[in-house]
1. Would the range 68-76 turn up any residue that is modelled with pLDDT under 95, open to solvent by 40 Å² or more (accessible area, probe 1.4 Å) and in contact with a helix residue (DSSP H, G or I) (Cβ under 9 Å, 6 or more places away or on another chain)?
2. Do any residues in the range 39-53 that are within 15 Å of LYS140 (Cβ to Cβ) have Cβ atoms under 8 Å from those of residues that are of a type in the set (Phe, Trp, Tyr), where the two are at least six apart or on different chains, and which pairs are they?
3. Could you pull out the residue among THR124, THR100, THR84, THR49 that is within 29 Å of LYS21 (Cβ to Cβ), open to solvent by 30 Å² or more (accessible area, probe 1.4 Å) and polar (S, T, N, Q)?
4. Please determine whether any residue of the range 104-111 is outside any helix (DSSP H, G or I), farther than 18 Å from THR181 by Cβ and either of a type in the set (Ser, Thr, Tyr) or open to solvent by 30 Å² or more (accessible area, probe 1.4 Å) (or both).
5. Taking the condition of being small (Gly, Ala, Ser) and more than 14 Å from CYS376 (Cβ to Cβ), how many residues in the range 424-440 meet it?
6. With respect to PHE443, is the statement that it is at pLDDT below 90, over 19 Å from VAL350 (Cα atoms) and either among the hydrophobic types (A, V, I, L, M, F, W, C) or buried (at least 17 other Cβ atoms within 10 Å of the Cβ) (or both) true?
7. Specify which of the listed residues (THR186, THR229) is open to solvent by less than 70 Å² (accessible area, probe 1.4 Å) and at pLDDT 90 or above.
8. Out of all the residues in the range 290-335, which are open to solvent by less than 30 Å² (accessible area, probe 1.4 Å) and polar (S, T, N, Q)?
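The values are calculated or read from the model by the stated rules, or taken from the named source; none is laboratory data. Quantities reported herein were computed from a predicted structural model and do not represent experimental measurements. Cβ placement follows ideal geometry from the backbone for every residue including glycine, while neighbour counts extend to all protein chains displayed. Only protein heavy atoms, including side chains, enter the accessible area calculation; ligands, DNA and RNA are left aside. Shrake-Rupley method; radii C 1.70, N 1.55, O 1.52, S 1.80 Å.
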Amino acid sequence: MINFPWDVLVKLENDNSRNAKEEILRSEAISNNDELFEGMQLALSPYITFGVKKVPIFSGKDGQGLPWVAFKELCHLLSSRQLTGHDARDAIELALGASTASQWNNWYRRILIKDLRCGVSEVTVNNVVSSIRPDYSIDKFSCMLAHDGAKHEKKIKGKKLLEIKLDGVRVLTIIDVESKTVTQYTRNGKLLENFSHITNALEQNIECFDRSYVLDGEMISASFQQLMTQVHRKSDVKATDAVLMLFDILPLSEFMNGKSTLGQKRRRKVLEGFRPVFEKLSLIPAMKTGCMIDIVPQIEVDLDTDEGRQQFNDYNKKAIADGFEGILIKSPDAPYVCKRSDSWLKVKPVITVDLTVVGFEEGTGKNAGKLGALICEGVDDGKFIRVNVGSGLSDDQRDEIWNNRDSILGQIVEIKADAITQSQDDNSVWSLRFPRFERFRGFYADEKY
């Protein structure tokens, strides 16, 4: 006997054990519960969206039950945008009226809001069904990621493309010319809906694209902190000053297959070909935001030559001076692959700042009763910095400092960090990104050496 999917979801929701969830899914896969796994594909695939934000909860009298084939057709019409606006709303309400409460609230509605609410992800499903029913697998969303250049120094040679590493949020923008829709995702495949000024502008000009593409880039704003407050905000969204800085492009079909056919340099040429389209978007009167989409500047160097190495050093120093997160080193002929690759290497600048210890924060957990963090303040390059430093300390140092707080107070410490950042709460105060304790600068208060 095949179980109703809504009953299965309730079982999954009520059991917090990962092993138990996998066993439930395994049993349903063996029994060929097609409706359950087809529904999970609709709900969990990042490439399927329905264009609806509010889906009503069933609160009336049970209908006779809506057949799965009818609901699948509704999903198709919504995902292909053949139903939108009031037509979509009316069709959803009609489907709701024909369903039972359990069928709608615990199954169909969860598919439409793309949240099964049972603690099961596409990874869990794929782990279970891969050896039983591979056709039940769910499309995986992944993008190209860079390796740490410090761990691949031997790769930093020959001809390379250099880009500034921007301080923003990675955004994958899917332009689907068939459904005439534009959707944006985080690098983990989570839907982003708060940059509609960009997606709407692209949809209005979707005829400019000859096929479906994925645009890869970084969303930036006036400050990283301001941007992060807008990324997942549910209401009162104020993100129209955000700019999408693109650094790559590939056809959607190749992105879904996990690898491009063109190398980095040739993909860049394709991206540059769309620059007139991006410039056109900035002229849309209704937007009034200036540049909405731009392309990250890029230079080519030959690291096997003295001139190329000097260009690299100058570029890196300028990135640090301008306050950027670092630089990216890319291999000109490498394809785009949807995984971490040494064809992209990130080189992050490291700054050091000398600050005064003004207080101490007790640790928690295993660090209870010893130092959790040094509270440090000081002025560097005209900026007043206040920061808690809890990384880079050994267990012995935590004990020693905590037991000798009076003598440590006022001493100067050298702190390593990725960058100086402005406080979100007070514009006159600055902080450090990823601060790490390096060493004390002297033996006495206010002493350096």
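1. So the first thing to find is which residues in the range 68-76 are modelled with pLDDT under 95, and the list is none.
Within the range 68-76, none of the residues are modelled with pLDDT under 95, open to solvent by 40 Å² or more (accessible area, probe 1.4 Å) and in contact with a helix residue (DSSP H, G or I) (Cβ under 9 Å, 6 or more places away or on another chain).
2. These pairs meet every condition: MET40/TYR136; GLN41/TYR136; PRO46/PHE141; PRO46/TYR185; TYR47/PHE141.
3. THR100
4. Start the filter on the range 104-111 by keeping residues that are outside any helix (DSSP H, G or I), which leaves none.
No, the conditions are met nowhere in the range 104-111.
5. Restricting attention to the range 424-440, the residues satisfying the condition of being small (Gly, Ala, Ser) are 428, 431.
Next cut, more than 14 Å from CYS376 (Cβ to Cβ) only: 428.
Qualifying residue count for the region: 1.
6. Working: at pLDDT below 90: yes; over 19 Å from VAL350 (Cα atoms): yes; either among the hydrophobic types (A, V, I, L, M, F, W, C) or buried (at least 17 other Cβ atoms within 10 Å of the Cβ) (or both): yes.
In short, yes.
7. Values: THR229 fails: at pLDDT 90 or above.
Going through THR186, THR229 in turn, the sole match is THR186.
8. The answer is SER331, and nothing else.
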